[in-house]
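What follows is a set of notes on a single structure, which appears directly below.
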Amino acid sequence: MNNQSQNAIDIVLAESLKELAKTKPIEKITIKEITDKAGVIRPTFYNHFQDKYELLEWITVNELFRPIDPLLSNGMLKEAITFVHTTMEKEKDFYKRAAQLEGQNSFNEIYNRCVANAVQKYIDVESLVQMADYKWLSKELVAEFLGHSISWITIQWIKRGMTVPVEELTDVYVKMFHNSLIEIVSNK
């Protein structure tokens, strides 16, 4: 993905894709449909994004993850999780379509990568790696594992229709973060 900041054209293209995704699977949406809806010409799209999947990643980063940076950097995990899920809930139709994408460039892949990046940035992954003390266990591998584990619940929540309230979903995340699996299993 291009390392670009948010600008008006990016926002218009993102809104166009989100609007189209309300009625059509993302994989069937064409660049022409996106640009027509946005009121721009095709070359404008390609000046900003390589394809619609890069636009999907831009939306994920800029609407879900960039806004939570200040929250996570101040230790406000619950508020960050609530923000992400509330934002998704407000754009329910779009995220349900996004979660249906399969394979390379899927929303699941993009979301996993974003969560893993946040984990690596805000969680002391190095301490987890040092506790195990195995040469093959890298901080990237631990971050990727945690990213997949964390994002799986959100992806399932989306695929199952987002029927669980955001507060309840957030509570599950907070409990998972504050308790180890061994503690949870031992309490049975």
* Asked: Do we find a residue being surrounded by fewer than 15 Cβ atoms within 10 Å (Cβ to Cβ) and either more than 19 Å from Ile155 (Cβ to Cβ) or touching an Asp or Glu at 6+ places or on another chain (Cβ under 8 Å) (or both) anywhere in segment 57-67?
  -> yes
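Mind checking which residues of segment 71-93 are of a type in the set (Asp, Glu) and touching a residue at least 12 places away in the same chain (Cβ under 8 Å)? Let's see the steps before the verdict.
Looking only at segment 71-93, we keep the residues that are of a type in the set (Asp, Glu), and these are 79, 89, 91, 93.
Those that are of a type in the set (Asp, Glu) and touching a residue at least 12 places away in the same chain (Cβ under 8 Å): Glu89, Glu91, Asp93.
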* Asked: How many of the residues in segment 94-137 are at pLDDT 80 or above, of a type outside the set (Val, Ile, Thr), out of contact with any Leu (no Cβ under 6 Å at 6 or more places or on another chain) and part of a helix (DSSP H, G or I)?
  -> 18
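Out of segment 149-172, which residues are basic (Lys, Arg) and not in a helix (DSSP H, G or I)? Lay out the reasoning, then the answer.
Of segment 149-172, the ones basic (Lys, Arg) are 159-160.
Matches in segment 149-172: Arg160 only.
The values are calculated or read from the model by the stated rules, or taken from the named source; none is laboratory data. What you see is a predicted model; the values in this text were computed from it and never measured. As a convention, Cβ positions derive from the backbone with ideal geometry for all residues, glycine included, and neighbour counts pool all protein chains shown.
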